[in-house]
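The values are calculated or read from the model by the stated rules, or taken from the named source; none is laboratory data. From a predicted model like this one, the values you see are computed outputs, not experimental measurements. Because the Cβ atoms are built from the backbone with ideal geometry, glycine has one as well, and the counts that use them run over all protein chains shown.
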């Protein structure tokens, strides 16, 4: 069972003239999913991270396998799964499926690595204790669902 799901409707702005999602728009949808996950599951909105903490969690690596097209009006379910938590990074896997056909074909599967950075230093920084605790709790909750 996925640890976090987020639904998004494919709008006109996401599509090419044929009514199929233009692939760069998937990256925007993925970012919206990650942002929603940080806020609703971890309790750390991007506003809090960027403004209050003077930090960021940029994507440093991304790989995506497009498997099936999505069309204007489709409602996609994005399934976010944590695969690894490091000292200053986290690996995610996100799969998108048609929300009303969750066992149907994947639209895409993406893996990415995010790192924690602070504005006052160059390079990565260790996760702050409270954010690391939220991430670890999320992984533990996810492991309980996977068993």
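Just give me the residues in the stretch 96-116 being surrounded by fewer than 18 Cβ atoms within 10 Å (Cβ to Cβ) and part of a strand (DSSP E or B), in sequence order.
Those that are surrounded by fewer than 18 Cβ atoms within 10 Å (Cβ to Cβ) and part of a strand (DSSP E or B): 109, 111, 113.
Looking at 47, 54 in this structure, which one is surrounded by fewer than 12 Cβ atoms within 10 Å (Cβ to Cβ), under 17 Å from the mean Cα position of the chain (by Cα), over 15 Å from residue 108 (Cβ atoms) and at pLDDT 95 or above?
Just one listed residue meets the conditions, 47.
Considering each of 73, 19, 43 in turn, give the residue that is in contact with a strand residue (DSSP E or B) (Cβ under 6 Å, 6 or more places away or on another chain) and at positive phi. Talk me through it step by step, then tell me what you get.
Working: 73 fails: in contact with a strand residue (DSSP E or B) (Cβ under 6 Å, 6 or more places away or on another chain); 43 fails: in contact with a strand residue (DSSP E or B) (Cβ under 6 Å, 6 or more places away or on another chain).
Unique residue meeting the criteria: 19.
Looking at the stretch 88-106, I want the residues that are over 16 Å from residue 6 (Cα atoms) and have a partner that is assigned to a loop (DSSP other than H, G, I, E, B) with Cβ atoms under 6 Å, at least 6 apart or on another chain. Which pairs are those?
88/116; 88/125; 88/126; 105/68
Checking the structure you have, find out if any residue of the stretch 13-26 is in a helix (DSSP H, G or I), touching a residue at least 24 places away in the same chain (Cβ under 8 Å), within 12 Å of the chain's Cα centre (by Cα) and surrounded by 16 or more Cβ atoms within 10 Å (Cβ to Cβ). Explain how you work it out, then say what you get.
If we filter the stretch 13-26 for residues that are in a helix (DSSP H, G or I), which is where we start, we get 13-14, 24-26.
Still in the running and touching a residue at least 24 places away in the same chain (Cβ under 8 Å): 14, 26.
Add one more test, that the residue is within 12 Å of the chain's Cα centre (by Cα), and what stays is 26.
Of the ones still in play, those that are also surrounded by 16 or more Cβ atoms within 10 Å (Cβ to Cβ) are 26.
Yes, the stretch 13-26 contains at least one residue that is in a helix (DSSP H, G or I), touching a residue at least 24 places away in the same chain (Cβ under 8 Å), within 12 Å of the chain's Cα centre (by Cα) and surrounded by 16 or more Cβ atoms within 10 Å (Cβ to Cβ).
Identify, by number, the condition in (1) closer than 30 Å to residue 125 by Cα; (2) crowded, with 18+ Cβ neighbours inside 10 Å that residue 70 doesn't meet.
The number of the failed condition is (1).
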